[in-house]
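The values are calculated or read from the model by the stated rules, or taken from the named source; none is laboratory data. The shown structure was predicted, so the numbers you read here are calculated from the model rather than taken from an experiment. Cβ sites come from the backbone with ideal geometry, for glycine too, and all protein chains shown count toward neighbours. Ligands, DNA and RNA are excluded from the accessible area calculation, which covers all protein heavy atoms including side chains. Shrake-Rupley method; radii C 1.70, N 1.55, O 1.52, S 1.80 Å.
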Amino acid sequence: MFRQPTREDILFEPLKSNSLKFYGFVALLLAVIGWAAYAYYVQLRDGLGVTGLRDYVFWGIYMTNFVFFIGISHAGTLISAILRVTGAEWRRPITRMAEAITVFALLIGGPMIIIDMGHPERLLNLLRYGRFQSPILWDLISIATYITGSLMYLYLPMIPDLAQCRDRLTDAPAWKRFIYRTLALGWRGGEEQKHKLERGVAIMAVLIIPVAVSVHTVVSWIFGMTLRPGWHSTIFGPYFVVGAIFSGIAALLLAMAIFRKVYHLEAYLEDKHFRNLGLLLLVMDIVYIYFTLSEYLTMIYGNDVADQRVLQLLFTGDFAMAFWAMILVGFLLPAFMLGLPNLITVAPRPTARLTVLRPFVAMGALAVFAVMAFSPASASASFQLVSLWPVVRMLSIVVALGGLLWLALPWMRAHSIATIVIASILINLAMWLKRYIIIVPTLYSPRTPIQDVPWEWAHYAPTWVEWSITAGAFAMFILLYTLFSKMFPIVSIWETSGEEHAAAHGAKGEANV
Amino acid sequence: MFNRSIVLIGFALLFVFAAQTIGAEDPPGAKLFGTYCADCHGAAGQGGFAISVGGESYLNTRDDAAITHAIINGTGNKDMPAWSKSNGGKLTDDQIADIVAYLRGLSPSGVLVTKAPVSPVVYSQTNLALTQAQNKLGKMVVTATLKKTDGAPVNGATVVFTRQTTFGVIEMGKARTDSAGVASLIVDEQPERARHISATFKGDPALGLSAGMIELGYPVTALSHDNLNLSSVHLAITDEPLVPPEGNLFSPNPPIVPTAIFLLVVGCIWTIYGYVVSQVVGIWKIGQINPRQNVFRIGKR
C-alpha cells in the first residue's frame, strides 16, 4: 500500500530493524546481569555474610535500591496521570515513556526486598504469619495493587497503537505479529470500542493517582512506624511521595533525552517538553529542599540523644561527605541549573577577554572546591568546641560552586536541554544517596546504644556482591526498557497524531480518538 | 565578569587561610583526641562505640599512669590497640601525655579519688585483688580477695561488682567477703569478647576504699569469630528463630475497625480494576465480530 510518508514513520523505525549497536548494547547489559546473577548465587550459597549487612546494619544498598526504584516508578503515574487528568496537552508524547518506567521500575524494585532476605522463601511467611497491623504487609498489598494498576494503565492507551503495529508491520517476524495481533484485541477504532477505551483510561488515570501516593507513603511508613531516630517522623509520608515524584521526573527527563537522541524523536520531543518538565522538576526540587530543611531542623531542635547521633553522623561524621554532596551538588546546584537560565534573561555581554580566561578561572574555582571539600576534617569534630571551620568550609564550597555556575551560565542558556539532563543525572544520584543516608545512619544509632560487639557488626560497607547485584538491577531495568522500546512505539501514536491533525487545521483541540 | 571572578576566588582563598589560623587554637591534646580517640570514645569523651573516658566514673578511678598505660599498651581487646610508636601505634609519648592532660581537664574535679578521709583510729589501707576461674558448671566466676595491706583478710565487707557500659556503670552484683576475705560473683553469660569486670569496696571508717578490675578471658575458641567453636559456646538464643503461630493474616487479634477499613479500601480498588478489565474484555469482544476488517489509520475517518 503506497502512502505519503508521515511524521509517525519515525516511531516505527526502531520496531523494524535492529542495528549491530543494539545487539552490542544488549550483550553488554546481559553480561552485567550475568555477573549479578553469579553474585546472587554466591549470596544464596554462602548466606548474607558475603554482604556488608550485619546485626545492627541489616538494611543496606539493597533497600536503598528498593526505595530508589519505587521512587522513580512514580515518573509514570504521577506525571502521566496528573497531566492526563488536568488535560495538559503537551504531555501526549511523553506519557508512554513515563508509564513504562513505572512498570519496569516496579518489576526491578520489588524483588530487591527478596534479594535482601537471607532466606528468600521466607517471603511466604508474610502470608502465613502476616499481620494487618504490619506496614510490611501494607507494603506488599499496595505494591501488588500498584503494579497491577500501572500495567493496566500502560496497556490501555497502547491498544490503538498495537492495532497500528498489527496493520503496518506486516513483514515483522511471526512471533512479533502474534503478539501485536493478540494484544490489539481486534481493535478497529469503532465508536463502541473507543467509548470503552476512553472510559477505562479515564478511570485508571484517576484511580492510579491515590494508589501511587499510597505506595510511596507505605514505603515511608515501613521506616516511619518504627520508633527509630531519623525515621519516626510524621513528615515521612509526604516527604517520600515528593521525593518519588522528584526523582521520577528526573528519570523521565533522562529517558526522554536518550530516546530523542537514539531514535531521532526531535519532531515529538520538543524543547517545550523539556522546559515544562524542567520547571516541574525545579518546583519539586524546591519543595524537597524545604521538606529536608523542615525534617532536619525539627530533629535538631528536639535534641533527642539518638537523633543527635544520627545528625552528627550526617553533618560531620561518617556520612558527611555523602550528605553534603547530596545537599549541595544534588539538590541546590540543580535548582540553580534549572532556575537561573530562566530567571536571568539579560543578554550576555560580549566577553572576549573572558573567553580566553574562562578555563583558568574555572580551574581556580574547581581547585578551591577540591581543597575545601576534600581537606581533612577539623581537628576537633566536636559540637562543644566552637570552631568556625565547618562554616568556613561550607561557605567556600558554596562560593566556588557559585562561581562555576556563574561561568557556566552562558553555556547553560545556549544548551538548555543538556543543562536539564545534567541536572536530572545529579538529582538521580542525589536521590539514591538520600535513600542510603535515610537508611544506614539510623541503623548505626539504635536507641539502645551499641556496645560490646565487634566493630564490623556495627558498621556497614557494601561488598562486591551488593554492588554487583545493584549494577545488575540497573542493567536489568535498562534492558527491559530498551526491549520494550524495540517492541512497541515508545511515543503514543494515536494520541500524538491528533495533535498533528489539530495543528494542520489551525485549531487547538482534543485528539480525534 | 572577569574582575568579579577574581574577587570571588580571592574571597575563597581568604577563607582558607582564615580557617587555618582558627583551627590552630585548640589545645594539642584536644586536637589529638579528636583525631584518634573521638571516633570511638565520643567527641568529648562521653562514650559511644567504646566506653566513656571523659566522665568522673572513668577519670576518678584511674590515675594518670593507668590511663597512659592503657593508651601506650592498649587494653588487650582489639578495639583499643596499643597507640604508642614503640608498640607500632601512631602516637609519640609526648602526644599521649597531651591526651591524658586533656582528659584530666575534662573531669570537673580533676583529681583522682582513691583515698577515704583518714581516720586517726585503727585505720588501714586495703587491697582488692581479682581472679577468674570456672566453676563445675563451666560458668565463669570472678573472685575478689580483700585484704589489708598487712595481708590480713577482711571479713564481712561488701564488695560491689560492676561493668562499665555505654549506658553507664551497671551493677552486676554484691557479695560479702568470707573469713578468707573472698567474695565471688558468677558471671552468667558467655560473651564472645573479653570484658572488664570491676569490683569496689567502698571502705568504712576503719578501712580505706579499694578497687580492682579484671579482664575476663574466655577460651580461645570462643574468642575468635572465625574459629567459633559452636559446641563450646552457649547462647541464650535458640538455633532457629521463633515463629509466631500461624493465623492466616488474622493473628493475633487485629483491631477490627481499622482492618475492615483497610480491606474495604483495597477491595474497592480491586473492584474498580475489575470493572476496567471488563471494559478491556468488551473491546476484545467487539473486535471478534469482524476481526479481518482492519482500519489502517486509527482516529482518522
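Between beta-carbons, use under 13 Å as the cut-off and find the net charge around A:R199, counting Lys and Arg +1, Asp and Glu -1.
Residues close to A:R199 contribute a combined charge of -1.
Report the accessible area of A:E121, computed with a 1.4 Å probe over the heavy atoms of all protein chains in place, in Å² rounded to the nearest 10.
About 100 Å², ignoring ligands and nucleic acids.
Evaluate peptide B:266-275: per residue, the Cβ atoms of other protein chains within 10 Å of its Cβ; return the mean as an integer.
4
Ignoring ligands, DNA and RNA and using a 1.4 Å probe, state the total buried accessible area between B and A in Å², rounded to the nearest 100.
Buried area between the two chains comes out at roughly 7200 Å².
When you look at the Cβ of every residue in A:195-202, what mean number of other chain Cβ atoms sits within 10 Å? Intermediate results must be reported in sequence, preceding the final value.
Values: counts 4, 10, 4, 1, 4, 8, 2, 1.
Taking the mean over all residues of the peptide, I get 4.
Which order do you get for A:T448, A:T234, A:T51 if you rank them by accessible area with a 1.4 Å probe, largest at the top?
Ranked from most to least accessible, the order is A:T234, A:T448, A:T51.
If DNA, RNA and ligands are ignored and the probe is 1.4 Å, what is the ranking of A:H273, A:H264 by accessible area, most exposed first? Mind dumping the intermediate values first?
Numbers: A:H273 0, A:H264 110 Å².
Largest accessible area first, the list is A:H264, A:H273.
Out of the total accessible area of chain A (probe 1.4 Å, heavy atoms of protein only), what percent is carbon and sulfur?
The value for chain A is 71 percent carbon and sulfur by accessible area.
First select every other residue whose beta carbon is under 15 angstrom from the beta carbon of A:M256; then total the charges, Lys and Arg +1, Asp and Glu -1.
+3
Counting only Cα atoms, I'd like the Rg/Rh figure for the range A:51-169, Kirkwood definition for Rh.
1.09
So what does A:V305 come to for accessible area, using a 1.4 Å probe and Å² rounded to 10?
Counting only protein heavy atoms, A:V305 exposes about 120 Å² to solvent.
So how much accessible area does B:K147 have, in Å² to the nearest 10, using a 1.4 Å probe?
Looks like 90 Å² after rounding.
Just tell me how shielded B:33-44 is by partners: mean number of partner chain Cβ atoms within 10 Å of each residue's Cβ, no decimals.
4
What ranking, highest mean first, results for peptides A:14-24, A:101-111 when packing means the other Cβ atoms within 10 Å averaged over each residue?
In descending order of packing, they fall as A:101-111, A:14-24.
So what is the relative contact order of chain A, in percent, for Cα pairs below 8 Å that sit 6 or more residues apart?
Working: 601 pairs, mean separation 156.0, N = 513.
After rounding, I find 30 percent.
If DNA, RNA and ligands are ignored and the probe is 1.4 Å, what is the ranking of B:C40, B:C268 by accessible area, most exposed first?
Highest to lowest solvent-accessible surface, that is B:C268, B:C40.
Do any of B:K174/B:K202; B:K148/B:K202; A:K261/A:K434; A:K196/A:K486; A:K21/A:K261 go past 22 Å between their Cα atoms, and which?
A:K261/A:K434; A:K196/A:K486
Where does the charge balance sit around A:S19 when Lys and Arg score +1, Asp and Glu -1, over other residues with C-beta under 15 Å from its C-beta?
Result for the local shell: +3.
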